[in-house]
Structures are given as structure tokens and as C-alpha cells.
Amino acid sequence: MGVNIGRDVSRPGRSPSISAAPRMASSSGSPVSLQRRPVGAATTAGPWAPSNPTSLHASANATSPRYRHNLISPVSLPSPLSQSDTSSASKARAAVSPQSASTVRGESRGGHFSSSKTPTSPLSGAAPGQPSPPYPSMQRPRLALIQVNGFGSTGAAYGSTLGGPMASSRHPNPAMPHGAIMYPQSHMYPSSHSFGPAHVHGGQQTGLLDGQQWPQNNNDRPLPPLPPAQQGHGPFRRSYPIWMDYWRPSYNMYFFLLAGVAFAMGHHVFYASLHGDLASDQLRMLRYGAALSFISKACLATSVILAFRQRVWLTVRRKVMSLGAVDSLFAAVDDLSAIVNPELFRHARVAILLAIYVWCTPLVVIFTSETLAVRLLLVEEEAECLAVRTLNFAAEETRDWRDAYRIDGLFPLSVSLWNTTQGAVDEDGETIEEWFDYFTASSWQFEQIATMAAFSTEPVARVGAAEEICGVGWNCTFAVNFTGPGYRCTELASGVGSTPQPLGNATLPFDFDLLAPTGNFTYIVRAFDGHYSSTQMQEVWPGGIPSEPGPIPKHLGALRTEPIMWIGYAQVDDPTKPQPEFRDHPDWDTAFTPKLLGCEHYETKYEVLFDYCGLQQTTKVTRREFVRPVVNTTFIPGVDADDGTADNTTAVPEENYILPTGDVHRYRRAMAYHSIGTQLRSFVNGTIEEPHKKANTRAIQTRLIEPRNWLPVPDLPQAMQSLYEDILLSMLSNPQMLAVTWAANPDGGPSGVGTGGDETKFPCSRSRSDTRYQYVAWELWAVYAAAIALAVLAVGFGTAAMWEEGLWRTTRFSSIVAATRGPWLEKVPWTRGGFVEAEAKKMKVGYGVVPAADGDTGQGQGQGEEFVDEAAERGDGLGKGRPRAGVQRQQSSIASPSGERYAFGLEGDVKLEKKGGGDGQAGNGRRTPQSPFGKGRR
């Protein structure tokens, strides 16, 4: 015995139902089956009709209001019933009562049941007049079909006396639709016997049913208990997630709106996290941002599209438009050309504006992509730089040239060269025990540094210092403080006929009138008056050791004074322009202005700002504080010293001389300052005379002289100090110098040539120009704010449309079919091939209540079917839950009890909805506004 399971296709839109047709064999061996009749086709004979005159049909129309079970009793039709009779519903529906219905008799032949044409008692299975066997004893199998309403399934139960109790209350056949239930007969009627499997094999013997009477009233019949729900089996297993019980289709509109806002915020957070970072992986980051923008745009557009659909249905309910306009309205979000229909701007302004918004949403992706750019930015940070060095001349105080120690494998270098008296003898030929070292001259290594600085226009920088200090790719700035020598320059005279002022107790050693225009000199510098003589003794051994026996002179190696630099020069207004060279030139007297400077050597405190930018070093002295003169004496010109030395310098007061036998540390520091000052004075000393630019100075090698006219630069005092500071700072280019030390620990001694470590880190400001992400937040939010605001407004229009409609609508194919089925559009001159002519597009149509068609009774195609809402018919209503499989679906709500229904119709045939609501009945063309979020349905 097999089971035919299919969908009831008697009417469109019906839910799946089970057509359980037991295939049997007639007496001639031909198989027969039971088929499902359309609902309402019969009243007592049941919905099962034979496909063969010898088929047996089981049906009952008894229904329990408590359990909503339609119990189908076993019946059979008389054999003389012809095929033509079965094709007619009126002849096929035999009025069979429980007392007169035939029953099924079958014999086991080849594994099939064959029908018996002998009329039998509907209860006992025996022929009329024959006594019924006792009820529990069954001689033949009983067929029972149970249709269960309310549990989303239709089930059929088959029983047999063979095989023992039924193995499962649910049919295991995979061909059965989901939710089909097999109920054993023992669950239907009290019986001590259990029915066996549904399939009966050949050769088995069967008995007759007993003659126990059937209940006369189906409502009084004891109903079987519902089978318990088992996980993963039967109709009680959910075929959808539980959250779908609480989710309504209208929520999608708000969900996508919120999702669009969320992705917009995510887009902002992502770009904000990139702001200021190095622009690495640029293409990938821009793609991520574009993806977030696109998803946000898609969500906002989706929410507006859903709102647009609600406005579309509301519009066609209220307005009669041409068929072409309706076509354009429904296609406005899919076909850009549909928007240009002028009729839409008259009758569907809101809907068409929503469609325009949807088409404009790609601009969100375009505009927001410009809010993150990759630009060359200057990034600054406060950090600690390695290998920052400064100057400290304390190491010169303690340096003993005899101690040949190494730093980083190299010998430290001093700025001074030294002689000694060690080994000198007295008159008795005894070695003088109190020997000392005394200064000779500047060291050759420092002379090299000074020469390079003088020839350059800036301090000499150490090769690789920028990368070593700042780091690769970085610029950095830091300031160091130190104490060193400096020249303090004072203007003593300016202009023709001026009287030079004295500098302390010193007076000008040359005639001021030698300067142009009164004289021929444009540059005069006297910088060695009172200079320390490198020859302190005439007779010496190598190393400056006095060779003649006797006492060592008291002032041997004494720093008696530091020469004042007397600088006279002729200044012009613009030294870059040609100037007069001869005294007979008409402009000679007016072209030059004589000036006089006096520069003294001071111990000075410096604050210097170092800036490394693009591997180039620049320095700026931000603070210069003159503390004290290196030697506080005044040179007395023309007076011989006569003190047993070859140095004939005389200065007062003598007690201020700095002696190598006194404070050795002070002497060594002062001689270091003297060595540095000597290098500057050696470059600036000399003269330049007109005509013919007769130069007797190395100043023309420096930046002090303008090369076009060989005239001093306009701001010569500042230039003189700057040149000396450049020589001083150039010492940092050679870390072997004793005075070069770590800025992080100036008192820690010479730094050497190493790169330093954590202990040498010094505060600095680092910066570099590199490609970094730059995010302009206000531009992104300006775009998103406009898009979100318009989307919120659109969703508001969609919500208002749902409120007035009271239900959620879609424009899917099923909804269009449900709204257009019926004869009301047959008046439109359709053409073959699906093409709609222009004449048809001009016809006015609307969606509303249309009158009943000819032959439409208003009851659908079945008797007693209820009038339900069309949203439920589509399965997308706003009520809580989803349509259950197996629940008997009723005729669409487009049909009212009076025959009227909702559908598209031509102007004059359709009653449109009027704004403002009504009584909510189907026949008046108006709906009562109501919340679309309620649990119930209209």
C-alpha cells in the first residue's frame, strides 16, 4: 500500500495539504487510490473520491470544536459507481451515515489489498444482516484517515492486526510532507488490540472488524490525546527560528535604517583611527573605507526602498493613474527612465522623491571617499635623541698630554699644544724639581677645524650626525647650554670726523682717519697687540725646556693679556653694488662711512639651538651672556717687559696675569680660550686698501668680506661674533676633542666618537615630513547627516503609509499577482508577446474595491470559508508569527462576503480609498488607519 502526497491545487493560494491515497488493487488486479476532493465539494461523503469505480474512499465530516480534528471514517462506495459519476461532485458525494456506510474489505493478494463489492456494515465490516464480530477481535485491517487542524499538519493513520503495536506515531516515510502524523487506531477508539504497520505483506490472514457501534455524534466521540512533541520529529519541530515569531516584515525598514547609521559611525571610527598614522597600506585602507561607505549607503537605500513600496501602494489606493504611470511608479527604483514620467510628479510626488533619493545614494560613496586623504604632513613629537653633544672645557683643565689614554680606541685631542720645563737645571746643574707645563700654540687638529669653519658660512657638522641624533628619516631640534669663549664687540666711532672712544683703559692703536673716505683703507684690523708669544725663551731644548742653567723666569708662559681686536672699516649702503675705487670719483666722499669696533675676549655662557632638517644642520645662538674677561688686564703698548722671557708684552695690573705655576686649572682653561681666539684673530687681522683692492688679510676667505667689492658686510659686529661662534661650535664635528661631551651628562668627561646609549638620551623635538592619513570628520558627517536625515524622513513617510494602510506591503511578484488576478483588467487592450501598446498605457487604473465578477458568490470556492486579510493571504502580514504549514489557508481577502474584493481595476470600476479613513469594511473603498505593529490582523 502506498501513499500519494501532493498539494491541493483545487484553488490557487491554498496551503500544502496531504493527499493520502492508499493504493489498492481491485478484484481484477488493477490498482486503485484515494484522492483528495476540494474542500466543500461534499458534506457527508468526505473529501476523498475514487480514481477508479472500484476504489474505496474514507471520509468523515465530524469535527470536534475542542481539538479541531476532522475525523475521516472508513467508508466505501458501491461498485456500480461509474467513472462519469465520480467525475461529478454531486454524484460522487454519497450520503453515507455511520449506520449505512460501507467498509473496506481487503484480501492479501500479491502484497495489495483488493476491494470487496459486497456491502458491509460500516462498523462491523460484515454483510447486512450478519452479526458483527466482537469489537476487539479484528479480522481485517481498518483504514483511518485523520486530518488534524490547528497543528500545522494533516496526518493519516493506517492500522493492521499484524505486526504488533505501531512503531511510531509519526509516519517515517520521507515522501510525506513535513508535519504529517500517523495515528494508530488504538488511539481513536478504546481497544485492547494494537494495530500493526501500515504496509501489509502478502500471505497474511486478516479478520473482520468487530461490530461495536460508532458514536452517533462526532462531538461526543472520544478524541485521541495529542502525541507528545519529540525533538527533531513530526509537526511540533520548528521549521524556522524562534525569533521569527516576534519579527515582523515592517521591522526591516527600521533595521536597515539603524544599520546604515551604525555603518556610518563605523566609517567615522575607522577613519578617525587612521588620522595621523603613517600612510601604509593605502589602497587597502581606502578600500575598507569605501566598503563601509557602500554598506551604509546600501542600508539607507534599502530602508528608503521599503518605505517607497508603502507609498506606492498608498498612492495607487488613492489616485487613479494611467497604466503607464503605474508602470513607471512600480519601476521607479529599478529603472531610471521611469522617473521622468511627468504624471508621477502630479500624483505621486512623495514616492517619486523617495525614488530620486535611492538613485542619488551613490553620491554618499563618492563624497565620503574624499574625507580621508594622504598628504605630506609635518609630524612633531617630543622625544629623546641619542648622541646629542655639547661643550665643556673642564676636561682641558685636567688633561695631561703625557697620559696617552684612549676613548673608543682614539686619543683625545686638545685645542692647545704644550711645552714643559721638566728637565731644566739650575746654576748648580741640579734638575729643577718644581717644573711645569706652559702653552705654546693652538693644536693642529683644532686649527683644521677653525679653518674649515672660517671658510664655511656655517658651523661644520659631523658626517652622519643628523641620522645618529634624530633617527633615520627624522628631523629634530634641541638646545644645549655651555660656557666657552666669546668676543664682545662695541662700536667706538661712526662717521667722518668722529673721535674714537677708549675701550676701558685701552686706546685705538691706529689713526681713525685712515679709513675711507678721508683715507684709502676700507678695512683695518689690529688683533695681535699684546699677543702671547709662542717663543717664551730664546734658548730651549726641544719641547721648550730652557737650555741655560739658572732659575726659570717668573712670567714664563704667563697669559699677560688677551689682545683687543680693533676693527676699523668703511661701510657702504649696499655693498653688492659697484662702489668708487678712486678718490677722484664724484661719489667717493658720500659712498663710505667710517666705523670703529673694539672686541674684547670674554668667558661667555651660551644657549644654542640645533636644528637638523633634511640631514642639514643649522645653529642659532638664542642666548649669549658675557661673564668675565678671559684676562682682566690692559695692554700697555711700547713698554718692554724685561722679565727674562722672550715675550715683551706688558699689561697692567701684573697681578692679574694667569701663571702656569699658580692655578693650573684656570691657566689651562684660559689658554684653551686663547687658542680658540687666536684662530679667529689670525683670519680677521690685516688691511684692505683702495684703489685696486690691495688686501693684506685672510678676512677675504671668510664671510666677513663681501666678494663683489671686497667691502665689509653691513652688520660686521654681529658677523664677527657669529664667525667666532661657528669656529667654537665646529668643535662638535670632531668628538675626539676633549671639550666635546654628552649633553645628557656634561660633567661626565669626553664623549668620544661612540653613538651613546640610553644614558646619553637628551630631550628633543622630533619632526618629519611624511605621507600620513588626514581625516576631515566634518566633511564625512556633512554627507552622512544629509543622507541619514533624508532617510529618516523617508522612513517616516513609509511609517505613515503603513499606519493608514494598517498592513505591510511589498511589490514582489506574488503581491502583484494577488492584486491583478481577476477579470477586472480584461478591458485593457493587451497584445500578444507581452508588449503593451501606448493605447493600453493611457487607460486609467487604480487599486481598491472592485465589484464581484459574474458567477462570483463572494464565498470563494468553498463553503463556509472565512474572510481574512489579504496580508495574511500573502504570508507577510504584520501579525505575530508566520503561517503554519498545514493550516487550511482561506480564500484571499480580495473577496468580501458580498463578492467585492481588493484588486486593480479600471477607472469607474474601482472604489479608491479616501484619505481620512472610514469604517474599515471591504466594500466602501476606505481603510481605518491603525498601527501596523499589532499582533492581530485586519
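Select from segment 748-761 the residues that are open to solvent by less than 40 Å² (accessible area, probe 1.4 Å) and not in a loop (DSSP other than H, G, I, E, B) and list them in ascending order.
PRO750, THR760, listed by residue number.
Do we find that GLU381 is out of contact with any Gly (no Cβ under 9 Å at 6 or more places or on another chain), among the acidic types (Asp, Glu) and not in a helix (DSSP H, G or I) in this structure? Break it down stepwise before answering.
Numbers: out of contact with any Gly (no Cβ under 9 Å at 6 or more places or on another chain): yes; among the acidic types (Asp, Glu): yes; not in a helix (DSSP H, G or I): yes.
In short, yes.
Looking for something in a strand (DSSP E or B), touching a helix residue (DSSP H, G or I) at 6+ places or on another chain (Cβ under 7 Å) and open to solvent by less than 30 Å² (accessible area, probe 1.4 Å) - is there at least one such residue anywhere in segment 573-585?
Of the residues in segment 573-585, the ones in a strand (DSSP E or B) are none.
No.
Is it true that ILE545 is hydrophobic (A, V, I, L, M, F, W, C), in contact (Cβ under 8 Å) with a residue 12 or more places away in the chain and more than 30 Å from PHE482 (Cα to Cα)? Before the answer, list the steps.
Details: hydrophobic (A, V, I, L, M, F, W, C): yes; in contact (Cβ under 8 Å) with a residue 12 or more places away in the chain: yes; more than 30 Å from PHE482 (Cα to Cα): yes.
For ILE545, the condition - hydrophobic (A, V, I, L, M, F, W, C), in contact (Cβ under 8 Å) with a residue 12 or more places away in the chain and more than 30 Å from PHE482 (Cα to Cα) - is met.
Any idea which of SER293, SER303 is touching a Phe, Trp or Tyr at 6+ places or on another chain (Cβ under 9 Å), among the small types (Gly, Ala, Ser), part of a helix (DSSP H, G or I) and more than 19 Å from ALA782 (Cα to Cα)? Give the steps one after another, and end with the answer.
Details: SER293 fails: more than 19 Å from ALA782 (Cα to Cα).
Result of the check over SER293, SER303: SER303.
Let's see how each residue does on (1) surrounded by fewer than 21 Cβ atoms within 10 Å (Cβ to Cβ); (2) acidic (Asp, Glu):
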{"site": "MET452", "(1), (2)": "yes, no"}
{"site": "PHE455", "(1), (2)": "yes, no"}
{"site": "ALA465", "(1), (2)": "yes, no"}
{"site": "CYS470", "(1), (2)": "no, no"}
{"site": "TYR487", "(1), (2)": "no, no"}
{"site": "GLU491", "(1), (2)": "yes, yes"}
{"site": "LEU559", "(1), (2)": "no, no"}
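Report yes if THR593 is under 60 Å from the mean Cα position of the chain (by Cα), under 25 Å from PHE683 (Cα atoms) and assigned by the TED database to the domain that holds THR535, otherwise no.
Answer is no for this residue.
Where the second residue is among the hydroxyl-bearing types (Ser, Thr, Tyr) and open to solvent by less than 40 Å² (accessible area, probe 1.4 Å) and the first is in the same structural domain as TRP566 (by the TED database) and assigned to a loop (DSSP other than H, G, I, E, B) and lies in segment 488-508, which pairs have Cβ atoms under 8 Å and are six or more apart or on separate chains?
Partner pairs satisfying both residue conditions: GLY504/THR634; ASN505/THR634.
Looking at (1) in contact with a strand residue (DSSP E or B) (Cβ under 8 Å, 6 or more places away or on another chain); (2) of a type in the set (D, E, K, R); (3) within 30 Å of GLU689 (Cβ to Cβ), which is the one condition that is false for ARG583?
Every listed condition holds for ARG583 apart from (1).
Just checking, which of VAL627, VAL631, VAL639 is in a loop (DSSP other than H, G, I, E, B) and loosely packed, with under 14 Cβ neighbours inside 10 Å? Please lay out each step first, then the result.
Values: VAL627 fails: in a loop (DSSP other than H, G, I, E, B); VAL631 fails: loosely packed, with under 14 Cβ neighbours inside 10 Å.
Of the residues listed, the single one that is in a loop (DSSP other than H, G, I, E, B) and loosely packed, with under 14 Cβ neighbours inside 10 Å is VAL639.
Kindly indicate which of ARG669, ARG708 is part of a helix (DSSP H, G or I) and either open to solvent by 20 Å² or more (accessible area, probe 1.4 Å) or free of Cβ contacts under 8 Å to residues at least 60 places away in the same chain (or both).
Numbers: ARG708 fails: part of a helix (DSSP H, G or I).
Only one candidate passes the filter, namely ARG669.
Being surrounded by fewer than 14 Cβ atoms within 10 Å (Cβ to Cβ) and among the polar types (S, T, N, Q) narrows it down to one residue among GLN536, GLN501; which is it? Step through it out loud before you land on a result.
Numbers: GLN536 fails: surrounded by fewer than 14 Cβ atoms within 10 Å (Cβ to Cβ).
Answer to the check: GLN501.
Just need a number here: residues in segment 257-290 that are in a helix (DSSP H, G or I), open to solvent by less than 40 Å² (accessible area, probe 1.4 Å) and either on the phi > 0 side of the Ramachandran plot or touching a Cys at 6+ places or on another chain (Cβ under 8 Å) (or both).
Number satisfying all stated conditions: 3.
When you check GLU434 against the structure, is it in a loop (DSSP other than H, G, I, E, B) and within 24 Å of GLN538 (Cβ to Cβ), yes or no?
Taking the combined requirement at face value, the residue satisfies it.
Contact list please: Cβ distance under 8 Å, first residue in segment 267-282 and hydroxyl-bearing (Ser, Thr, Tyr), second residue in a helix (DSSP H, G or I) and open to solvent by 30 Å² or more (accessible area, probe 1.4 Å), pairs at least six apart or on different chains.
Listed pairs, sorted by first residue: TYR271/ALA777.
Name every residue in segment 358-375 that is more than 21 Å from the chain's Cα centre (by Cα) and open to solvent by 30 Å² or more (accessible area, probe 1.4 Å), in order of residue number. Even if it seems obvious, please write down each step before you answer.
Taking segment 358-375 as the starting set, the residues that turn out to be more than 21 Å from the chain's Cα centre (by Cα) are 358-360.
Result: TRP359, CYS360.
Cβ-Cβ below 7 Å, separation at least six or inter-chain, first residue in segment 396-407 and free of Cβ contacts under 8 Å to residues at least 40 places away in the same chain, second among the aromatic types (Phe, Trp, Tyr) and not in a helix (DSSP H, G or I): which pairs?
Matching pairs, first to second residue: TRP401/TRP418; ALA404/PHE411.
How about segment 762-785: which of its residues are outside any strand (DSSP E or B) and either polar (S, T, N, Q) or open to solvent by 50 Å² or more (accessible area, probe 1.4 Å) (or both)?
Initially, segment 762-785 is screened for residues outside any strand (DSSP E or B), giving 776-785.
Across segment 762-785, the qualifying residues are TRP778, GLU779, TRP781, ALA782, ALA785.
In the same structural domain as VAL608 (by the TED database), touching a helix residue (DSSP H, G or I) at 6+ places or on another chain (Cβ under 7 Å) and surrounded by fewer than 20 Cβ atoms within 10 Å (Cβ to Cβ): is that true of GLU427 in this structure? Show your work before the answer.
Numbers: in the same structural domain as VAL608 (by the TED database): yes; touching a helix residue (DSSP H, G or I) at 6+ places or on another chain (Cβ under 7 Å): no; surrounded by fewer than 20 Cβ atoms within 10 Å (Cβ to Cβ): yes.
So GLU427 fails the test.
Given the conditions (1) farther than 30 Å from GLN448 by Cα; (2) open to solvent by 50 Å² or more (accessible area, probe 1.4 Å), which single one is not true for ASN745?
All conditions pass for ASN745, except number (1).
Within segment 673-698, take every residue that is in contact with a Phe, Trp or Tyr (Cβ under 6 Å, 6 or more places away or on another chain) and under 10 Å from ALA454 (Cα atoms) and give me the one that is most open to solvent (accessible area, probe 1.4 Å).
ARG698
What's the number of the only condition in (1) more than 30 Å from CYS764 (Cα to Cα); (2) open to solvent by 40 Å² or more (accessible area, probe 1.4 Å); (3) among the hydroxyl-bearing types (Ser, Thr, Tyr) that THR622 fails to meet?
THR622 satisfies every listed condition except (1).
Which residue is most open to solvent (accessible area, probe 1.4 Å), if the candidates are limited to segment 586-619 and must be within 15 Å of THR522 (Cβ to Cβ) and in a strand (DSSP E or B)?
The extreme case among them is THR593.
Hey, can you tell me all the residues within segment 312-345 that are in a strand (DSSP E or B) and open to solvent by 10 Å² or more (accessible area, probe 1.4 Å)?
Within segment 312-345, the first condition is being in a strand (DSSP E or B), and the residues that meet it are 321-322.
The answer is SER322, and nothing else.
The values are calculated or read from the model by the stated rules, or taken from the named source; none is laboratory data. Keep in mind that what you see is a predicted model, and the values were worked out from it rather than measured. Every residue, glycine as well, gets a Cβ built from its backbone with ideal geometry; the counts of neighbours run over all protein chains shown. Side chains are part of the model used for accessible areas, which takes the heavy atoms of the whole protein and leaves out ligands, DNA and RNA. Shrake-Rupley method; radii C 1.70, N 1.55, O 1.52, S 1.80 Å.
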